[in-house]
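Just so you know, all these numbers are worked out from the coordinates, no wet-lab data involved. As the structure is a prediction and not an experimental result, all values here were calculated from the model. Backbone-built Cβ (ideal geometry, glycine too); neighbour counts: all protein chains shown.
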Amino acid sequence: MAGDKENLTVYFNGEWVPWADAKVHIFTPAVKYGAGVFEGICAYKTPDGMSVFRLKEHLARLEYSQRVMRFERIYTAADLTEPVLEVVRRNGFSETVHIRPTVYVDGIGEAGAPGPIGVAVTAVERKRAANTETGCRVQVSSWQRISDLSMPTRVKAHANYNNSRFATTQARQDGYDTALLMNAKGQVAEGPAMCFFMVRDGKVVTPSITSSILESITRDTVLTLCREELGLETVERDIDRSELYAAEEAFFCGTAWEVTPIAEIDGLPVGAGKPGPVVRSLQTAYFDLVEGRVPDKRGWRTPV
Ligand code: PMP
């Protein structure tokens, strides 16, 4: 069942256990109602060894997610920093890994149960996706991004990801790589696990953080790199659907998606239909930063 992961070790409720033993019961609120929260964090190989990117911000968001979920016990950055670093060390990773801290409602309670709270940290190898080079083909989804009136969009709660799943499965069924979801206002929100950017008139445009998106850490990295390293003007504002078809360039960003060009939206080529100069320069800046080829001016890399 564990496949190529069977030799991995997982941090599970204060112990280090084999992959196959990190289990919860079918009757937990985590399984029954998706009552759990998580983070996706990347650690990269750098010239100075493995390094976790923006660990502090990820663990702060995880703490926020737990508070909004009203968990009776909160795992703080102080609790989880060491398990996150140790999961990379213990498994002997020397290439890019995706680390997933998970905090969930254990026990046998009903939907409103505040606990007991369980915690785990896994790490699995992650290879850079081919569409980072070629660009991806995107469908504007007929599923709407969850509204903050129904599910808190800033919380990385497991249950929220059924929204992502509907959009992704529909897009794949229809022959696209992934989806772009509109929000309840009918404007662009984000992809199933990544934020959206486009270039118009040379400016880098992205929906604001009040557009029903996850407050993405990579989005903040990209905005910072645009402003402070690449001298590009950035605009955070609503984006209409028809503007998508006028964009010079478009791309997604996220911890797992990194900076991925968008080649087509709804079958219409974006710009020249291949990755443009802005997304290419951003990719270089991003990969140089996470992989340690440029100085860490902002304290964003934590050595393992
Ligand atoms: N939106 C959603 C719904 C996501 O799941 C993610 C991945 N965490 C993102 C955006 C990108 O967020 P980040 O850059 O913090 O990984």
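Computed quantities for the displayed model
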quantity	calculated
Hits in segment 21-60 - residues which are in a loop (DSSP other than H, G, I, E, B), within 12 Å of the ligand (Cβ to nearest atom) and either aromatic (Phe, Trp, Tyr) or buried (at least 20 other Cβ atoms within 10 Å of the Cβ) (or both)	Glu39, Arg54
Residue in segment 1-20 that is nearest to Gly118 (Cα to Cα), counting only those that are in contact with a strand residue (DSSP E or B) (Cβ under 7 Å, 6 or more places away or on another chain) and assigned to a helix (DSSP H, G or I)	Trp19
Conditions (1) of a type outside the set (A, V, I, L, M, F, W, C); (2) within 15 Å of the ligand (Cβ to nearest atom); (3) crowded, with 20+ Cβ neighbours inside 10 Å; (4) not in a helix (DSSP H, G or I): number failed by Tyr104	(2)
Residues of segment 192-210 satisfying the condition of being away from the ligand (no atom under 16 Å from the Cβ) and in a loop (DSSP other than H, G, I, E, B)	Asp201, Gly202
Residue in segment 169-176 that is within 14 Å of the ligand (Cβ to nearest atom) and within 17 Å of Ala263 (Cα to Cα) present	no
Residue count, segment 86-101 (criterion: out of contact with any helix residue (DSSP H, G or I) (no Cβ under 8 Å at 6 or more places or on another chain), touching a residue at least 24 places away in the same chain (Cβ under 8 Å) and either assigned to a helix (DSSP H, G or I) or not polar (S, T, N, Q) (or both))	9
